[in-house]
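For reference, the structure discussed in these notes is given below.
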Amino acid sequence: WCKATAVFGAPGLEFHGLVFLMQVGSPLMAGSGLKSVLVNMYCPDSGTGKSTTGAFANSIYGNPDKLMLTVEDTQNATFKSMGVYGNLPVYIDEITKIDPRRLSHTLYFITNGREKRRLSKDGSFQSSMEWNNISTSSSNSDIYAVQGAERISIDGEAMRILQFPFDKNPIFNADG
């Protein structure tokens, strides 16, 4: 791991390293007093190491493919997965491909740290899944711009979302 993570010391990979460390430190959120935060890795270009960074950090805790969520997952599956993972980092690939109205709802619940409450058939409350973690995502679109373009209020979500710009780097180029 020391050799593998040394790549984040290369010039231009400061945000890659920061997001990686945030994901690795996700279990520490339990003592923070915060429920959850979303860190989005943004660049309009592909091949900048966004997905690689997300998968690399998830590999510390298990199979990165099984720990990665996608935009094709339903909201219920996303929230159940986050509840099962608890304090482990969650990575959502290409988050801004979610329909903007659904995205706003998803962002709210991700950063709120629990799924919506439900009633059982007898009228009693079912237990809700909860999490306390750092969730990360990648996107080729600015997550704030996507929300703003739809004139959806993002004030609540924006306070709990950090977005870092990722630039092209020859390390992620097949010729580099």
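The values are calculated or read from the model by the stated rules, or taken from the named source; none is laboratory data. All figures in this text were calculated on a predicted structure; none of them were measured in a lab. Note that we place each Cβ from the backbone using ideal geometry, even for glycine, and neighbour counts take in every protein chain shown. For the accessible areas, the whole protein counts, side chains as well, though only heavy atoms, and no ligand, DNA or RNA atoms are used. Shrake-Rupley method; radii C 1.70, N 1.55, O 1.52, S 1.80 Å.
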Residue check, residue 99 touching a helix residue (DSSP H, G or I) at 6+ places or on another chain (Cβ under 7 Å), closer than 22 Å to residue 148 by Cα and not hydrophobic (A, V, I, L, M, F, W, C): no
When region 85-118 is examined, which residues are found to be at pLDDT 90 or above, aliphatic (A, V, I, L, M) and not in a loop (DSSP other than H, G, I, E, B)? 90, 92, 95
Do we find that residue 90 is in contact (Cβ under 8 Å) with a residue 40 or more places away in the chain and under 26 Å from residue 45 (Cβ atoms) in this structure? yes
When the residues of region 47-63 are filtered to those that are of a type in the set (Gly, Ala, Ser) and under 26 Å from residue 104 (Cα atoms), which remaining residue is most open to solvent (accessible area, probe 1.4 Å)? 51
Being open to solvent by 50 Å² or more (accessible area, probe 1.4 Å) and either part of a loop (DSSP other than H, G, I, E, B) or farther than 15 Å from residue 161 by Cβ (or both) is the filter here; which residues of region 28-46 pass it? 28, 30, 31, 32, 33, 34, 35, 44, 45, 46
Which condition number in (1) open to solvent by 30 Å² or more (accessible area, probe 1.4 Å); (2) modelled with pLDDT of 90 or more; (3) out of contact with any helix residue (DSSP H, G or I) (no Cβ under 6 Å at 6 or more places or on another chain) is the one that residue 66 fails? (2)
Hey, can you tell me all the residues within region 13-27 that are open to solvent by less than 70 Å² (accessible area, probe 1.4 Å) and free of Cβ contacts under 8 Å to residues at least 40 places away in the same chain? 17, 20
Of the residues in region 104-127, how many are more than 17 Å from residue 161 (Cβ to Cβ), surrounded by 13 or more Cβ atoms within 10 Å (Cβ to Cβ) and small (Gly, Ala, Ser)? 0
Would you mind stating whether residue 78 is part of a helix (DSSP H, G or I) and over 15 Å from residue 134 (Cα atoms)? no
Considering residues of region 160-176 that are open to solvent by 40 Å² or more (accessible area, probe 1.4 Å) and assigned to a loop (DSSP other than H, G, I, E, B) only, the residue modelled with the lowest pLDDT: 176
Residues located in region 128-159, provided they are modelled with pLDDT under 75, surrounded by fewer than 20 Cβ atoms within 10 Å (Cβ to Cβ) and not hydrophobic (A, V, I, L, M, F, W, C): 148, 150, 151, 153, 155, 156
Let me spell it out: the conditions are (1) aliphatic (A, V, I, L, M); (2) closer than 27 Å to residue 147 by Cβ; (3) outside any loop (DSSP other than H, G, I, E, B), and residue 6 meets all of them except one. Which number is the exception? (2)
